[in-house]
Amino acid sequence: MIEPKDFYQSLNENGIEFFTGVPDSLLKYICAYISDNTGSDNHIIAANEGNAIAIAMGYHMSTQKIPMVYMQNSGLGNAINPLLSLADKEVYSIPMLILVGWRGKPGISDEPQHIKQGRIHKKLISAMELPDFQLNKGSNFKKVISEARKTAEIKSCPVMISVEKACFNNYKIKKIVHTEFELSREEAIKEIAKMIDNKDIIVATTGKTSRELFEFRKSINSGHQRDFLTVGGMGHANQIALGVALSKKDRIVYCLDGDGALLMHAGSMGIIGDRSPKNFKHIVLNNGSHDSVGGQPTISFNIDYKKIVKGFKYNKVLKAKSKEELRKKFNELKLSNGPSLLEVLVNKGSRNDLGRPTISPKNNKKDFIKNLT
């Protein structure tokens with residue numbers, strides 16, 4: 001396996017000193033090393049993968065140096081437009097290296113949302129006509145980095161490096177997000193699920209939020225059909241919830257969102273505010289981190305959600321950081337005319353034995369639809 005330190009040193013030796021992207025579970029150890037060993041001017045955790053491509057473009061044009069972007073292959077969807085309409089060699093012709101975690105690689109067991117993406121991973125890169133190098137635990141990584149960098153420079157275009165599972169050795173991040181709140185995310189989810197009415201609907205964001213909600217329903221053997229678990233598509237749960245809320249005006253729709261997911265497509269709040277569904281209740285579980293993919297920080301603790309959300313025409317904005325506050329503020333949220341938002345400050349991290357939904361996405365959809373009719 002590859003030591004993150006050695007990989008990082010090799011990047012620096014090849015003149016790659018600037019990094020931006022969205023954290024990925026397959027890349028979490030190298031992302032952690034980058035976070036700990038790169039100054040803030042040279043490392044930006046972007047809101048989404050497309051933004052990262054744009055940031056890298058700005059860096060290259062102002063320095064003439066080659067940057068590195070990192071992402072999970074699911075994030076290619078966000079990156080395709082700026083890759084093809086901006087950075088492509090037939091447009092602005094911007095050289096950069098793109099380190100991509102290859103989730104769902106054929107022959108490797110993975111979650112449902114990664115299977116199709118993993119199967120077409122190589123075809124997608126080929127369709128974009130981008131050079132692609134492969135990296136696994138046995139690769140000569142110095143050669144891969146050197147050749148990828150030369151290709152980016154000579155062809156003046158983005159170059160992919162597809163990273164397989166278990167490529168990097170363990171590295172524990174030192175620049176961790178410190179949280180000292182009363183509630184964990186899972187405890188907050190349990191409290192919320194207990195307080196909603198039987199007729200109410202939950203749309204939960206991807207990652208551990210959906211997993212913890214599923215585990216709670218499983219523990220009480222009730223309520224699965226009221227929840228839509230957005231197992232993929234980070235940042236889109238609140239728009240799914242909006243679509244439901246606009247069509248089912250007699251039902252209260254709660255979106256359980258994450259801070260990283262909300263920031264990824266923050267403009268969605270403007271659409272919610274503009275359509276102004278009274279039955280839309282937005283709950284942001286804010287732990288200031290990308291908790292599901294390694295715990296790297298978001299900028300969420302530095303954001304005044306009240307000012308932002310009010311600007312997006314939400315009717316009410318609330319905040320809680322204890323169980324008592326959560327119960328009180330949730331009652332206010334429930335009684336308010338939406339769209340309304342409740343920010344809940346929670347600790348990062350999860351229990352080691354946290355399971356995954358045992359119901360398939362298709363069956364989750366069927367149960368959810370049945371509950372809506």
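The table below gives the values:
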| quantity | calculated |
| --- | --- |
| Selected residue (criterion: most open to solvent (accessible area, probe 1.4 Å)) from residues of the range 1-10 that are closer than 17 Å to A148 by Cβ and either without any contact (Cβ under 8 Å) to a residue 40 or more places away in the chain or in a helix (DSSP H, G or I) (or both) | Q9 |
| Selection within the range 58-93 - of a type in the set (A, V, I, L, M, F, W, C) and assigned to a helix (DSSP H, G or I) | M61, L76, A79, I80, L83, L84, L86, A87 |
| Leading residue by the ranking (nearest to F368 (Cα to Cα)) among those in the range 203-217 that are among the basic types (K, R) and in contact (Cβ under 8 Å) with a residue 60 or more places away in the chain | R211 |
| Subset of the range 11-60 (residues that are of a type in the set (V, I, T), open to solvent by less than 10 Å² (accessible area, probe 1.4 Å) and under 19 Å from the mean Cα position of the chain (by Cα)) | T20, V22, I30, I34, I53 |
| Close pairs from the range 120-135: first closer than 12 Å to C157 by Cβ, partner among the hydrophobic types (A, V, I, L, M, F, W, C) and part of a helix (DSSP H, G or I), Cβ under 6 Å, at least 6 apart | D132/I125 |
| Given (1) farther than 20 Å from D132 by Cα; (2) surrounded by 23 or more Cβ atoms within 10 Å (Cβ to Cβ), index of the condition G75 fails | (1) |
| Top-ranked residue in the range 216-243 [being open to solvent by 20 Å² or more (accessible area, probe 1.4 Å) and modelled with pLDDT of 95 or more; ranked as farthest from K116 (Cα to Cα)] | G243 |
| Residue in the range 274-289 that is at pLDDT below 95 and among the hydroxyl-bearing types (S, T, Y) present | yes |
| All strands (runs of 3 or more DSSP E) inside the range 251-339 with 3 or more residues being touching a residue at least 40 places away in the same chain (Cβ under 8 Å) and within 30 Å of Y171 (Cβ to Cβ) | 280-286 |
| In the range 288-339, the residues that are among the aromatic types (F, W, Y) and in contact with a Pro (Cβ under 8 Å, 6 or more places away or on another chain) | Y314 |
| Test result for K194, under 30 Å from R217 (Cβ atoms), assigned to a helix (DSSP H, G or I) and over 20 Å from the mean Cα position of the chain (by Cα) | yes |
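The values are calculated or read from the model by the stated rules, or taken from the named source; none is laboratory data. Quick caveat: nothing in here was measured; it's all calculated off a predicted structure. Heads up, the Cβs are rebuilt from the backbone with ideal geometry, glycines too, and the neighbour counts pull from every protein chain shown. Note: areas computed on protein heavy atoms with side chains; ligands, DNA, RNA excluded. Shrake-Rupley method; radii C 1.70, N 1.55, O 1.52, S 1.80 Å.
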